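All of the numbers you see were taken from the coordinates with simple rules; none came from a lab. It should be emphasised that the depicted structure is a prediction, and the values quoted were computed from it without experimental measurement. Every residue, glycine among them, receives a Cβ derived from its backbone with ideal geometry; neighbour counts consider all protein chains shown.
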Amino acid sequence: MSDLANLEQRALSELNATDGEESLRAWKTRYFGEQGEVTLALKNIGKIPGPERAAYGKECNRIKASLGEAFEVRQQAEKDKALERSLAEPPIDVTLPGRRPAHGRLHLATQVMRDIRGIFADLGFQVYRSREVEDDEHNFGLLNMPPHHPARDMWDTFHTMTPGVLLRTHTSPGQIHVMRQFKGKPIRVILPGMCYRYEAITTRSEIQFQQVEGLAIGSRVSMADLKGTISAFARRMFGEERQVRIRSSYFPFTEPSIEVDMDCIVCAGKGCSLCKKSGWLEIMGAGMVHPTVLKNGGYDPEQFTGFAFGMGPQRIAMLKYAIDDIRQFWGNDLRFLQQF
Ligand code: DAH
């Protein structure tokens, strides 16, 4: 048998033995690839001695055509098989409802923080941010609480391994940073941010929580300005009909110090379970900046006065949305978070 006839028979029987697309592809490369046997046979035509060349060439081309055809038939058969296989599989139910992509949203704490910022922005307050890791001096000392001052007991503190470095227990140390940066110019800022306390976690207290501090300093800033500002805030946040009252209190960094209440949003002062029958809800601590604190910030208390306040925006959110457990904020329960 001539080489060409041998080649054709071998190729045909190998083609019939292929199984699946991959072996079919391998077959094609073996015979029709760059170094394939049919390709080389065709290239060989020129080297055949004259008298035999025409017959050889003709035979080569016939083999090329017939193998090519056989390949196509085999390939089609493979495709048909694949189609049959996929048709036999359970069908895709195109009527099933699609899966909604999950949409993110702003955390309730972020929303309320933005509301608060917005209200104070309208009242002319700038936002100033200060560090969460503080030193003892800023968190206590410069706020009129020297070492061993009993008032330090009001804030249970996380200390780091570095002596004197702690997680701030309130945003008040920011007051000192602002004053030292404004260097004697009038100030009207709020300081929002995270605070930390070494406390038992309960429905009303967390070890990590937000605060918004407010500070206004000028030549004739008064208690009336403080009350006006807080009333405006309460009305914008909770409704125009809100009333605000102040009670005397104590903070080392203010003199006089006050606690601010707002009439209950549920019973409007009549007494209910939210306000524990008192008719009032506590919303923040505040006061006139203590002369020592002004001095520590570089302001002359003979020339300047100021007011300050500090509130917990999560507490504000709890009042506004009737949330009874502060642990919900960082609990990561989507059933809670998706309600807002
Ligand atoms: N820093 C106080 C606290 O965390 C809150 C506070 C009270 C801030 C009175 C003030 C203030 O600026 O004047 O309990």
Rounded to the nearest 0.05, what FRET efficiency do Ser273 and Thr95 have when you use their Cβ-Cβ distance and R0 = 35 Å?
0.10
Would you mind computing, in nm to one decimal, how far apart the modelled labels at Lys320 and Ala200 are, each placed 7 Å from Cα along Cα→Cβ?
3.1 nm
Ranked highest first by average number of other Cβ atoms within 10 Å, how do 71-78, 164-171 line up?
164-171, 71-78
For the chain, can you list the cysteines whose C-beta has no other cysteine C-beta under 4.7 Å from it?
Cys60, Cys195
Evaluate the Kirkwood expression for the hydrodynamic radius of the chain, namely the inverse of the mean inverse distance over all pairs of different C-alpha atoms, and round to one decimal in Å.
26.8 Å
Once you place label points 7 Å from the Cα toward the Cβ at Asn44 and Asp3, how far apart are they in nm?
0.3 nm
Of His107, Leu40, Tyr250, which is farthest along the charge dipole of the chain in the positive direction, counting Lys and Arg as +1 and Asp and Glu as -1 at C-beta?
Tyr250
Point-to-point label distance, Asp300-Ala121, nm (Cα→Cβ direction, 7 Å offset)
3.6 nm
Mean residue ellipticity (222 nm) of the chain, computed from DSSP H runs ≥ 4 via -39,500 (n - 2.57), nearest 500
-12500 deg cm²/dmol
Taking the 0 to 90 degree range and rounding to the nearest ten, how far is the long axis of helix 223-238 tilted relative to the main principal axis of the chain, both from C-alpha atoms?
40 degrees
Most exposed first, judged by fewest Cβ atoms within 10 angstrom, Phe336, Phe140 run Phe336, Phe140
Nearest-0.05 FRET efficiency for Glu84 and Arg10 at R0 = 30 Å, using Cβ-Cβ distance, is 0.50
Taking amide hydrogens as modeled 1.01 Å from N in the peptide plane, which residues meet the under 5 Å criterion relative to Thr254, leaving out close sequence neighbours?
His290
